[in-house]
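Written out below as structure tokens is the structure these notes cover.
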Amino acid sequence: MGLETGIRPQENDERYDKRAHGKVKSEDLRVKSSIAAEKSYGFAIRTINLYKYLIERKDERILSRQLLRRGKSIGDNIEKALGAQSIKDFFAKLSISYKEARETHYRIRLLRNTGYLQSDEVDSILQDCKELFKIIVSIKKS
């Protein structure tokens, strides 16, 4: 896994390294992207399970459906970023992932604060979501 997917930065991009034959220079960027992909996959599984819980046990269908779409979209867009055709495309997909993570965090808090979920049920997934958007921000700053 990593950015060995053909991303070709422009020569004037600070991530470009002629010695790397057009590959993204930063090993740190590759590592962080792989971590983000793994964490977002696990987060998507947790989101799907939370969705099933909300549907089956709480009979909540509107916010839970939105949560499902956004929660899995984080990883969808990170995977798209890993297959990006350019640096610009890579960072555009990461930006979408970041927005989706923020929206997911917002929806989980809404579910907690409206009584569908208790704090002890969501503290861990909220922390995972925060961790995801911190990882995404650190990649964007690389």
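Below 8 Å, C-alpha to C-alpha, sequence gap of six or more: please give me the relative contact order for segment 25-141 in percent. The normalised contact order for segment 25-141 reaches 29 percent. May I ask which of LYS32/LYS88; LYS32/LYS52; LYS80/LYS141; LYS39/LYS93; LYS39/LYS140 have a Cα-Cα span longer than 27 Å here? Beyond 27 Å between Cα atoms: LYS32/LYS52. Taking a ≥ b ≥ c as the square roots of the Cα gyration tensor eigenvalues, segment 41-142 comes out prolate, since a/c reaches at least 1.5 and a/b is larger than b/c.
With R₀ set to 35 Å, the beta-carbon distance separating ARG109 from ASP89 gives a calculated FRET efficiency near 0.65.
Put simply, the amide H of GLU60, placed in the peptide plane, has neighbours under 5 Å in ILE55, leaving out anything fewer than 5 places away on its chain. With neighbour counts taken as other beta-carbon atoms within 10 Å, the residues ILE45, ILE35, ILE78 rank, fewest first, as ILE45, ILE35, ILE78. Ordering PHE133, PHE90, PHE43 from the fewest to the most neighbouring beta carbons within 10 Å gives PHE133, PHE43, PHE90.
Using the 10 angstrom Cβ neighbour count as an exposure proxy, how do SER86, SER73, SER124 rank, fewest first? Lowest count first: SER124, SER86, SER73.
Every read-out reported here was derived from the displayed coordinates using simple, explicitly stated rules and does not represent laboratory data. These numbers were taken from a predicted model, which means no experiment stands behind them. With ideal geometry, Cβ positions are generated from the backbone for all residues, glycine too; neighbour counts draw on all protein chains shown.
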